[in-house]
Amino acid sequence: MTTTGPTMSGHATRPAHRDGNVLRWLTAHTASLVGDSVYFVALGWSAQKAAGPAEVGLVMAAGALPRALLMLVGGVVADRFDPRRVILGSDVLRCLLILSVAAGIALTAPALWILVAVALVFGAVDALFVPAIGALPPRITSPDQLTRVTGMRSLSMRLSQIAGPPIGGLAMGLGGAAAAFTVAGLLFALSLPFLWTTRVRPLERSEGEQPGSGTAREDLLEGLRYIRRHRLVGPLVVAGALCELGLISTLNVGMVLLNAERGWGPSGYGWIVSGFGAGAVAGAALLTVAGWLPRAGLALAGTLLVCSAGAVSVALVPSLWMAVVMALVTGSCAGVFGGLNNALVQTATAPAYLGRVTSVVMLATVGLAPLGYPLVGAAIGAWGSAPVFVGCGAFACLGVAVILASGAIRSAELPRPPRRGAEDQPVPSQKHGARHDSARGEHTPSGAAENAQQGGGAEQEVQDGLGTPLTTRTRTDGTLG
């Protein structure tokens with residue numbers, strides 16, 4: 001595999017929020033995300049004008065189908081080729097596609113079949129983009145900055161969801177669907193120069209790792225086997241999927257029906273969703289500012305437990321303001337849980353498998369979770385909101401059981417950013433001795449020796465059977481803590 005464009009050797013020496021390389025990637029990613037939101041506004045309104053309300057669902061579902069079916073293939077592509085090139089190619093294709101649609105709509109009224117075709121192509125390209133964007137962060141920053149980068153990415157996603165729809169609506173109001181599609185295409189174009197100048201680190205392979213030389217099917221199966229055998233990544237993927245499958249349907253479909261059942265109406269729904277969004281932004285901001293949380297594995301279990309309980313309590317509290325408060329708590333814990341889970345997965349995964357692992361993680365969100373929408377709707381219609389919310393929360397709590405049953409997750413720690421001196425230079429931490437020297441947290445012998453001399457609690461590597469180091473804590477008596 002070859003890497004084109006600018007490359008970086010060695011690790012970043014600046015915090016992620018002051019690293020120009022990370023900020024270029026984040027700017028490109030944000031522009032692309034806002035473009036996504038504007039595109040969906042334009043697509044939905046165009047479908048409504050071309051046919052009617054019933055056809056809006058058809059058009060939107062048309063885009064979700066290839067995204068779900070091809071997501072795992074996109075992971076193979078991201079691992080076989082430079083993920084930066086895959087992202088660049090995806091944004092070029094999306095830009096050309098959307099600008100072509102804008103030109104066509106400006107000349108004639110959009111036909112329903114054209115909108116369906118656009119949604120299908122856009123969804124297929126998205127299946128390449130999503131795994132590649134997930135595989136890129138470990139290649140543009142150092143391992144001890146991954147938590148902060150995850151928080152920054154989550155902030156970008158939340159803010160894009162807030163800013164995108166109003167921008168799309170304003171464009172629709174001023175110039176119709178053609179203007180909205182044009183704005184979306186220009187936003188994709190805006191991301192290209194920032195992506196082009198983002199420097200990437202050459203792929204690091206541990207001993208025994210071989211580049212993909214088989215068929216795409218063999219690479220895909222090898223990626224699935226890697227997840228199944230990895231004693232940290234496997235449980236993390238399962239826990240994240242259980243959370244998504246348990247809570248997404250409840251929050252997206254159940255919340256609408258809950259508000260109708262309680263008589264809180266659209267305004268109540270808006271307050272609850274806003275509370276959840278504000279909490280998620282706060283959780284992402286916490287990770288961005290802190291850059292590291294102690295006992296990451298146990299924090300993962302705690303935040304998922306509170307998140308699940310908070311989602312259930314929204315349906316049990318008697319008043320709207322209490323539901324908004326619980327939605328705020330749920331969102332903040334969801335933001336921290338998602339960021340920690342993503343950072344742990346990216347830190348522990350061998351670089352050659354990051355695209356395939358990301359594709360499996362995202363498949364639960366974009367492929368499987370929406371299948372629960374009609375089930376949750378039918379269940380609430382039959383039994384009411386409260387029992388269904390309780391059942392979905394209990395299902396999400398199975399992820400807590402998976403985390404607590406995994407010794408690798410319970411003892412997992414994220415690489416800690418170095419303390420910085422007055423001149424903004426890294427200062428070796430005497431207390432934490434061991435230093436991370438690769439994207440999977442390898443430590444230098446000098447750090448371990450230093451801790452041994454001091455008699456303090458040193459961090460050690462534990463081999464997981466696949467040759468992948470996992471960062472865990474070791475007490476001074478040698479037992480896992």
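The values are calculated or read from the model by the stated rules, or taken from the named source; none is laboratory data. Here the structure is a predicted model, which is why all the values come from computation and not from measurement. So basically every Cβ, Gly included, is an ideal-geometry build from the backbone, and we count neighbours across all protein chains shown. Heavy atoms of the whole protein, side chains included, go into the accessibility calculation; ligands, DNA and RNA do not. Shrake-Rupley method; radii C 1.70, N 1.55, O 1.52, S 1.80 Å.
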inquiry  = If the requirement is being among the hydroxyl-bearing types (Ser, Thr, Tyr), under 14 Å from LEU300 (Cβ atoms) and buried (at least 24 other Cβ atoms within 10 Å of the Cβ), which of these qualifies: THR347, THR330?
reply    = THR347
request  = Within the range 110-166, count every residue that is open to solvent by less than 40 Å² (accessible area, probe 1.4 Å) and aromatic (Phe, Trp, Tyr).
outcome  = 2
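Looking at the range 98-109, which of the residues that are more than 29 Å from the chain's Cα centre (by Cα) and of a type in the set (Val, Ile, Thr) is surrounded by the most Cβ atoms within 10 Å (Cβ to Cβ)?
Keep residues of the range 98-109 that are more than 29 Å from the chain's Cα centre (by Cα), which gives 100, 102-109.
After this cut, where a residue has to be of a type in the set (Val, Ile, Thr) as well, the list is 105, 108.
Numbers: ILE105: 22, THR108: 8.
The residue in question is ILE105.
Being closer than 29 Å to ASN341 by Cα and acidic (Asp, Glu) is true for just one of GLU261, GLU218. Which residue is that? Working first, answer last.
Working: GLU261 fails: closer than 29 Å to ASN341 by Cα.
Answer to the selection: GLU218.
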remark   = Exactly one of LEU186, LEU190, LEU251, LEU221 is open to solvent by less than 70 Å² (accessible area, probe 1.4 Å), in a helix (DSSP H, G or I), modelled with pLDDT of 90 or more and of a type in the set (A, V, I, L, M, F, W, C), and that one is LEU221
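Table: residues versus (1) at pLDDT 85 or above; (2) open to solvent by 10 Å² or more (accessible area, probe 1.4 Å); (3) in contact with a strand residue (DSSP E or B) (Cβ under 7 Å, 6 or more places away or on another chain).
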site	(1), (2), (3)
THR215	no, yes, no
GLU261	yes, yes, no
LEU287	yes, no, no
ARG295	yes, yes, no
query = Is there a residue being without any contact (Cβ under 8 Å) to a residue 60 or more places away in the chain and over 18 Å from the mean Cα position of the chain (by Cα) anywhere in the range 159-166?
reply = yes
key: Which numbered condition MET322 fails, given (1) open to solvent by less than 30 Å² (accessible area, probe 1.4 Å); (2) without any contact (Cβ under 8 Å) to a residue 24 or more places away in the chain   = (1)
remark   = Within the range 48-97, the residues that are touching a residue at least 40 places away in the same chain (Cβ under 8 Å), open to solvent by less than 50 Å² (accessible area, probe 1.4 Å) and assigned to a loop (DSSP other than H, G, I, E, B) are ASP82
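What residue, of VAL400, VAL388, VAL376, is β-branched (Val, Ile, Thr), crowded, with 20+ Cβ neighbours inside 10 Å and at pLDDT below 90?
Details: VAL400 fails: at pLDDT below 90; VAL388 fails: at pLDDT below 90.
Just a single option satisfies the conditions, and that option is VAL376.
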note = (1) part of a loop (DSSP other than H, G, I, E, B); (2) in contact with a helix residue (DSSP H, G or I) (Cβ under 6 Å, 6 or more places away or on another chain); (3) more than 18 Å from GLY63 (Cα to Cα) all hold for PRO110 apart from (3)
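Going by the structure shown, is LEU354 at pLDDT 90 or above, under 15 Å from the mean Cα position of the chain (by Cα) and not polar (S, T, N, Q)?
Values: at pLDDT 90 or above: no; under 15 Å from the mean Cα position of the chain (by Cα): yes; not polar (S, T, N, Q): yes.
Judged against the criteria, LEU354 is not a match.
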ask   = Inside the range 263-279, can you point out the residues that are outside any helix (DSSP H, G or I) and either crowded, with 16+ Cβ neighbours inside 10 Å or touching a Ser or Thr at 6+ places or on another chain (Cβ under 8 Å) (or both)?
value = TRP264
ask   = Does at least one position in the range 313-329 carry a residue that is modelled with pLDDT of 90 or more, in contact with a helix residue (DSSP H, G or I) (Cβ under 9 Å, 6 or more places away or on another chain) and closer than 30 Å to PRO15 by Cβ?
value = yes
remark   = Checked the range 98-120 for anything touching a residue at least 40 places away in the same chain (Cβ under 8 Å) and not small (Gly, Ala, Ser); matches are ILE98, LEU99, VAL101, ILE105, PRO110, LEU112, LEU115, VAL116, VAL118, LEU120
